[in-house]
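**Student:** Here it is, the structure in full.
The values are calculated or read from the model by the stated rules, or taken from the named source; none is laboratory data. Remember, predicted model here, so these are calculated numbers, not experimental data. Ideal geometry is used to build each Cβ from the backbone, glycine not excepted, and the neighbour counts take in all protein chains shown. In case anyone asks, the SASA skips ligands and DNA or RNA and just uses the protein heavy atoms, side chains included. Shrake-Rupley method; radii C 1.70, N 1.55, O 1.52, S 1.80 Å.
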Amino acid sequence: AECYYTFVRDLTERKRSEEEAKRLHALIKQEKERLLALLNSISDEIWFVDTEGHYTLVNPSGAREFGLSGHRKTRARKLAKRPEVLRPDGSLRPDEEAPPIRALRGEWVRNHEEIMRMPAPGGLQYRLVNASPVKDAEGRTLGSVSIARDITGLKKVEQSLRESERRFSSLARQLPVG
């Protein structure tokens, strides 16, 4: 007598899992595209440094400012040495004082002013930088994020205002009082 065996497997749960995985993948892709659009639309420079000291994310504003292209990892300390960076008093800023490096050590850097000497002759760019550590849900440091804003125009207006005030004060002191 011949014997036949038939095996039946219910694939309903597997199909549901596959559909859920596709749905979640589409949501992740949509969120990633939205985050990328957000980063690309911000005129300030945005930088992420991983715990090994590599810049692993930079928005187009930052890439343009430093002449970076593609998604190559760049060592934070190497990039910090590219332009000459000065403190607000004009003294040279050591690389270890760079806000992203300080944030990697756990420091929150707020409204840090710095001056970058740009390649153009005499070109100085005044910047306001904020940086903070980035931590995961368990509190482990993943890296640091920095946001840099060009405040050169504001500094020029401030300087013009100080100069105008100085001239006005000088004129007021020299005028005879009636």
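**Student:** How big is the range 104-171 on each of its three principal axes, counting only the C-alpha atoms and giving the largest first in Å?
**Tutor:** 63, 29, 15
**Student:** Follow-up. Taking R0 as 30 Å, what FRET efficiency do you get between residue 151 and residue 24 from their Cβ-Cβ distance, rounded to the nearest 0.05? Each step should come with its number before you reach the end.
**Tutor:** On the way: r = 42 Å, r/R0 = 1.40.
Efficiency, rounded to the nearest 0.05: 0.10.
**Student:** Over the chain, what relative contact order in percent results from Cα pairs under 8 Å that are six or more residues apart? It would help to have the intermediate numbers written out before the result.
**Tutor:** Values: 236 pairs, mean separation 29.7, N = 178.
Rounded, it is 17 percent for the chain.
**Student:** Let me ask something else. How much accessible area per residue does the range 102-154 have, in Å², with a 1.4 Å probe? Can you show the working numbers first?
**Tutor:** Details: 2960 Å² over 53 residues.
Dividing the accessible area of the range 102-154 by its residue count gives 56 Å².
**Student:** Also, I was wondering about something else. Report, in deg cm²/dmol and to the nearest 500, the calculated mean residue ellipticity at 222 nm for the chain, where each DSSP H run with n ≥ 4 adds -39500 (n - 2.57) and the sum is divided by the residue count.
**Tutor:** Numbers: 5 runs with 72 residues, N = 178.
Roughly -13000 deg cm²/dmol at 222 nm, from the helical runs in the chain.
**Student:** Given labels modelled 7 Å from the Cα in the Cβ direction, how far is it in nm from residue 32 to residue 11?
**Tutor:** Those two pseudo-labels are separated by 2.7 nm.
**Student:** Okay, next question. Label residue 97 and residue 84 with points 7 Å out from Cα along Cα→Cβ: what is the distance between them in nm?
**Tutor:** Placing both labels 7 Å along Cα→Cβ, they lie 1.5 nm apart.
**Student:** Ignoring the sites themselves, what is the longest stretch of the chain with no GluC sites (Glu not before Pro) in a DSSP loop and at most 11 other beta-carbon atoms within 10 Å? Walk me through the numbers before you get to the answer.
**Tutor:** Values: sites that count: 2, 52, 138.
With GluC sites (Glu not before Pro) excluded where exposed in loops, the chain gives 53-137 as its longest stretch.
**Student:** Over the chain, with every protein chain in place, what whole percent of the accessible area is carbon and sulfur at 1.4 Å, could you tell me? Let's see the in-between values first.
**Tutor:** On the way: 7410 of 13130 Å².
So the carbon and sulfur contribution to the accessible surface is 56 percent.
**Student:** Let me ask something else about it. Counting only pairs 8 or more residues apart or on different chains, how many lysine pairs in the chain have their Cα atoms under 24 Å apart?
**Tutor:** Lysine pairs meeting both conditions in the chain amount to 10.
**Student:** Moving on to the next point. List, largest first, the extents of the alpha carbons of the chain along their principal axes, each in whole Å.
**Tutor:** Taking max minus min along each principal axis of the Cα atoms, the chain gives 130, 36, 33 Å.
**Student:** Could you state the angle between the C-alpha long axis of helix 12-41 and the longest principal axis of the C-alpha atoms of the chain, as a value from 0 to 90 degrees rounded to the nearest 10?
**Tutor:** Here the helix axis deviates by roughly 10 degrees.
**Student:** How many angstrom separate the Cα center of the range 95-138 from the Cα center of the range 143-160?
**Tutor:** Cα centres, the range 95-138 to the range 143-160: 11 Å.
**Student:** Now, a different point. How are the Cα pair distances of the range 1-70 distributed, in percent, across 5 Å bins from 0?
**Tutor:** Whole-percent P(r) values from 0 Å outward: 3, 13, 12, 13, 10, 8, 8, 7, 6, 5, 4, 3, 3, 2, 2, 1, 0.
**Student:** Continuing with the same structure: Angle, helix 152-174 long axis vs. longest principal axis of the chain, Cα atoms, 0 to 90°, nearest 10?
**Tutor:** Result, in degrees: 20.
**Student:** If you don't mind, there's one more thing I want to ask. Ignoring ligands, DNA and RNA, what accessible area per residue does the range 1-42 give at 1.4 Å, in Å²?
**Tutor:** Spelled out: the 1.4 Å probe surface of the range 1-42, per residue, equals 108 Å².
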